[in-house]
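Notes to accompany the following structure.
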Amino acid sequence: MGTMRPIAGYGHIAVGMASGRLFADLSDQRRPWRQALIGIGLAWLPDVDVLWLALGAPDRGLLGHRGFTHTPLFALAVGALVGVWLWARGRGRPVTLAVLAALLVGTHGILDGIAQDGRGILFFWPLSAERFHLPWRPIPDAPLGLALFSRVGLSHLALEFLYFIPFTLFTLRWRREKTRRGRPAAVRSGGWGLPEAVGE
């Protein structure tokens with residue numbers, strides 16, 4: 001089954017940051033870091049299973065690491081909750097943001113599925129309890145604890161960082177939007193940073 005990784009790899013963070021920056025760009029927000037933090041939280045969310053493991057829950061089955069919270073069904077459930085919450089609060093585009101949230105949570109299982117070590121993912125649960133890795137597995141699992149700062153641990157972390165450089169550069173890119181002729185006069189934020197309505 002492999003060793004449990006209690007901390008998400010850098011890839012989850014990079015994907016979350018980049019998606020948050022994308023939300024900010026779409027909505028023309030001047031402060032994208034709020035959206036980036038939301039993106040990181042959603043991309044990291046499946047590793048919430050380490051909380052009850054830290055409290056003594058057995059690390060096996062659906063409640064173990066890379067169990068239910070790493071399934072596509074969990075991602076869909078989170079997306080549905082986001083949509084209902086936004087709709088109940090009267091925030092804009094609840095369906096669009098629900099889909100985006102589900103996709104972002106779902107990236108966690110996919111990235112874990114291309115890791116070289118660790119347990120597979122329950123991609124087809126509840127139809128199947130079989131765990132899978134994807135055929136292409138380039139990402140090494142970093143060692144746990146202080147071993148992360150060993151030569152092997154740092155080399156694994158550096159390799160993962162290199163894989164996700166495009167996401168990192170996209171996040172760190174700070175582009176000032178210049179007023180363009182014919183640009184809409186006003187964009188009203190519709191919840192989670194996406195535009196709800198455009199003024200003429």
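The values are calculated or read from the model by the stated rules, or taken from the named source; none is laboratory data. Keep in mind it's a predicted model, so treat the numbers as computed, not measured. Here the Cβ is made from the backbone with ideal geometry for all residues, glycine too, and neighbour counts use every protein chain on show. Surface areas here come from the heavy atoms of the whole protein model, side chains and all, with no ligands, DNA or RNA. Shrake-Rupley method; radii C 1.70, N 1.55, O 1.52, S 1.80 Å.
Descriptive notes on the structure:
- Sorting 10-23, 45-58, 118-131 by average packing, meaning the other beta carbons within 10 Å per residue, from highest down gives 10-23, 118-131, 45-58.
- The listed peptides 105-117, 149-161, ordered by packing as a protection proxy, come out as 105-117, 149-161 (highest mean of other Cβ atoms within 10 Å first).
- With all protein chains in place and a 1.4 Å probe, the accessible surface of the stretch 38-99 carries 76 percent carbon and sulfur.
- In nm, spacing of pseudo-spin labels at Phe132 and Arg91 (7 Å Cα→C-beta vector): 3.2 nm
- Taking all protein chains together, Arg89, Arg137 sort by accessible area into Arg89, Arg137, largest first [probe 1.4 Å].
- Relative contact order (%) - criterion: Cα under 8 Å, at least six apart; region: the stretch 49-115: 28 percent
- Surface accessible to a 1.4 Å probe, per residue, for the residues of the stretch 71-139, Å²: 54 Å²
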